[in-house]
Amino acid sequence: MGVLTYTDEHTSLVPPARIFKASILDSHTLMPKLLPDAIKSIEFIKGDGGTGSIKQINFSGGFAKHQIDEVDEKAFTYKYTLIEGNGISDKIEKVSYDIKFEGSSDGGSITKMTTTIYTHGEFEIKEEELKAGKEKVLGLYKVVEAYLLKNPDAYV
């Protein structure tokens, strides 16, 4: 098994508590509303959103299942693993994400996300594929951020 790990960091004007609530705790409700053409629905097929739950995201072109490994509402941390669906293949076994939202000196937040990709065998992922995946995640983050900036009373 091969393992590839990388970390990304993003800044936002939105405080960590708000962006955590919107993008993590209420993603199953908010994301299909913000991106109806891309995300058809998000449902918990096991559990209620806490540790051990499994969340299925239904896209217009497939699905993904996330196993929630840890949710800490006080520390604004979230860990989950992509276990099935889009992104998993005969070459990629699973992808784990470790996300932490921290406060920044300007009242906004710094989001740090560590991604670990577990491959079958010694398969190498191309840089273009990594970049495309990172851009998708950043795009989702920016959609939530824009919504929160436009709606200052949401998720307070």
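Quick notes on this structure:
- Whole-number D in µm²/s for the stretch 34-78 (Stokes-Einstein; Kirkwood sum over Cα pairs; 20 °C, 1.002 mPa s): 188 µm²/s
- Descending Cα extents along the principal axes, the stretch 1-84, whole Å: 38, 31, 24
- Value of relative contact order over the stretch 15-156, rounded to a whole percent, pairs C-alpha under 8 Å and six or more apart: 19 percent
- Convex hull of Cα atoms in the chain, direction-averaged projection (nm²): 9.2 nm²
- Counting 0.36 nm for each residue step from Lys112 to Lys150 and taking away their Cα separation leaves a gain of 11.4 nm.
- Relative to one another, the C-alpha centroids of the stretch 76-134 and the stretch 10-39 are positioned 17 Å apart.
- Whole-number accessible area per residue in Å² for the stretch 2-150, which is evaluated in the context of all protein chains at 1.4 Å: 54 Å²
- Helix-only [θ]222 nm of the chain, DSSP H runs n ≥ 4, -39500 (n - 2.57) each, per residue, nearest 500: -7500 deg cm²/dmol
The values are calculated or read from the model by the stated rules, or taken from the named source; none is laboratory data. Just so we're clear, the structure is a prediction, and the values are computed from it rather than from any experiment. Ligands, DNA and RNA are stripped out before the accessible areas are found, and what is left, the full protein with its side chains, is counted by its heavy atoms. Shrake-Rupley method; radii C 1.70, N 1.55, O 1.52, S 1.80 Å.
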